[in-house]
Amino acid sequence: MIIQDAKGMYEVKVDTKRRIVYEYVTGLWQAEDYKRLHNEYVTKIGPLLGGKPWAKLSELKSYKTSNITDEINKHVSWSAKNGLEKAAIVVESSIIKMQMKKSGSGVMEPEIFTDEKSADDWLKSQGF
C-alpha cells in the first residue's frame, strides 16, 4: 500500500510482508499536517497491520524542524499501543536528530541513522 499526502508533505509505503511502514517526509510541518498523517495510521495502516508487531523507517532528510513535538508524542504513543516495536529514523541534520530523540515521550527511543540502507539493515537485525 502507498499513501500520498494531498499536500505533498509525506508518502507512506507499507510492506505487509516485513511489517514495516516506510515514511518519506518533507517540508515545514504544521499540527494539521501531522494530524492528517496520524489519521492515515488510524484509519488505514493500523487496520492493515492488525495490531501485530511492526516497525517504522522514517526518512526525514527533506523535513524541516517544526513545532509539532506534542503531535509526534501522541502519535508515537498511539503507535506503541498498536504494535510498533522498533523505529529507525534517517536524518542529515543534528537539529532534526535532537528533535526526534526528544519525541516519543519515553515510550520508544528511535534509532537514528544517516542513510536508509543502514536503517533497513538494522531493522532486519531486529527481526523485521
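How large is the charge dipole for segment 1-94, taken about the Cα centre, if only the Cβ atoms of Lys, Arg (+1) and Asp, Glu (-1) carry charge, to the nearest 20 debye?
Details: 15 positive and 12 negative charges, 79 e Å.
It comes to approximately 380 debye.
Suppose all protein chains stay in the model; what accessible area per residue would a 1.4 Å probe give for the chain, in Å²?
Details: 6700 Å² over 128 residues.
Normalised by residue count, the accessible surface of the chain is 52 Å².
When only Cα pairs under 8 Å and 6 or more residues apart are kept, what is the percent relative contact order across the chain?
Once normalised by length, the contact order is 23 percent.
Need one number: % antiparallel among DSSP beta bridges in segment 1-91, to the nearest 5. Provide the component values of the computation, followed by the final result.
Values: 9 of 23 bridges.
Close to 40 percent.
From the helices alone, meaning DSSP H stretches of at least four residues, give me the mean residue ellipticity at 222 nm for the chain, per-run term -39500 (n - 2.57), in deg cm²/dmol to the nearest 500. Provide the component values of the computation, followed by the final result.
Details: 5 runs with 46 residues, N = 128.
Value at 222 nm, helices only, nearest 500: -10000 deg cm²/dmol.
Which of S77, S58, S66 ends up with the largest GNM mean-square fluctuation for the chain, with Cα atoms connected below 10 Å?
Highest fluctuation of the listed residues: S66.
Beyond 27 Å between alpha-carbons counts as too far, so tell me which of K7/K52; K35/K124; K52/K74; K17/K44 fall in that bin. If you can, show how the numbers build up before the last one.
Numbers: K7/K52 30 Å; K35/K124 29 Å; K52/K74 20 Å; K17/K44 16 Å.
Those over the limit are K7/K52; K35/K124.
Could you tell me which residue out of I68, A87, G27 lies farthest along the dipole of the chain toward its positive end? Charges go on the beta carbon: Lys and Arg +1, Asp and Glu -1, centred on the Cα centre.
Going by the Cα projections, it comes out as A87.
The values are calculated or read from the model by the stated rules, or taken from the named source; none is laboratory data. Computed from a predicted model, the values in this text were never measured in an experiment. Neighbour counts are summed over all protein chains in view; Cβ atoms, including those assigned to glycine, are modelled from backbone coordinates with ideal geometry. Quick note on the areas: whole protein, heavy atoms, side chains included, nothing else; ligands and nucleic acids left out. Shrake-Rupley method; radii C 1.70, N 1.55, O 1.52, S 1.80 Å.
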